[in-house]
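As structure tokens, the structure follows; a few thoughts come after it.
FYI, it's all coordinate maths here, none of it is from the lab. Source: prediction; values computed, not measured. Glycine also receives a Cβ, built like all others from the backbone with ideal geometry; neighbour counts cover every protein chain displayed.
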Amino acid sequence: MLPEPILTPPFFEIGPKAYLVGDEVIELAVAADEASARHGVTVLFTAPLLELSRVAAATRNLVVGAPHMDPIRPGRGLADILPESVVAAGARIVMLNHAERPLDLTTLEATIRRAEEVALATIVCASSIAEIQAVARLAPDVIVAEPTELIGTGTCSDLSYMQASADAVREIDSRILVLQAAGISGGADVLRVMLAGADATGSSSAIAKAPDRAAMVDEMLLAARRGWDQYHQNHK
């Protein structure tokens with residue numbers, strides 16, 4: 001965990017994965033950048049590795065993130081992702097242990113520590129409550145509570161999972177932010193998650209596949225802002 005957080009709630013993660021290529025990624029990043037400023041919601045944009053530097057150069061408000069890296073040091077590592085290179089490309093945070101790129105706990109811990117060495121924040125995915133607890137003990141900056149079986153389905157986590165996962169993290173380290181994800185398909189889903197008290201949520205396929213991606217981003221960020229404000233107004 002970094003001494004000073006680079007993300008403050010409410011925030012929203014957008015990860016185009018491999019749905020978009022080249023200029024499509026940049027166009028989405030620019031739309032997210034503008035919507036972030038418009039609604040006062042920080043956007044973590046997890047860019048494809050080969051587009052990191054272009055996204056960083058094209059935007060002003062986004063927290064640009066890498067989708068993975070390896071715990072290597074300068075030297076050998078022909079096809080590995082060097083943390084220093086991720087930083088040089090403009091990333092400020094790295095996503096680790098996504099269901100599409102899982103890591104064992106030993107490798108995950110080593111990678112989190114390498115991220116700290118190069119001043120990269122870490123956002124770590126976890127599915128079950130037991131996995132969430134194990135990850136929380138490694139002290140990442142953000143945990144993505146995301147049931148693997150719901151990813152890309154359009155079905156959101158239920159409220160009991162959201163509460164249990166948030167409680168599991170906060171009982172171990174209350175400094176860790178919790179992003180509730182999986183199955184977010186529109187503004188109504190975002191609003192529901194934020195009204196449940198989440199620090200953040202996010203979406204990949206629903207944005208990347210939307211007929212109007214910019215409009216979908218705007219809808220979701222507006223819902224995140226409204227949900228966060230309403231929840232905290234009700235819990236003063």
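Restricting attention to the stretch 179-222, the residues that are aliphatic (A, V, I, L, M) and under 23 Å from Ala164 (Cβ atoms) total 13.
Candidates Ser165, Ser85, Ser128: the one that is closer than 19 Å to Asp189 by Cβ and of a type outside the set (A, V, I, L, M, F, W, C) is Ser165.
Scanning the stretch 1-34 for residues that are surrounded by 21 or more Cβ atoms within 10 Å (Cβ to Cβ), under 18 Å from Thr201 (Cα atoms) and either within 15 Å of the chain's Cα centre (by Cα) or β-branched (Val, Ile, Thr) (or both) returns Leu7, Pro10, Phe11, Phe12, Glu13, Ile14, Gly15, Pro16, Ala29, Ala32. The residues in the stretch 115-132 that are surrounded by fewer than 20 Cβ atoms within 10 Å (Cβ to Cβ), farther than 17 Å from Glu4 by Cα and either of a type in the set (A, V, I, L, M, F, W, C) or touching a strand residue (DSSP E or B) at 6+ places or on another chain (Cβ under 6 Å) (or both) can be counted, and the count is 2.
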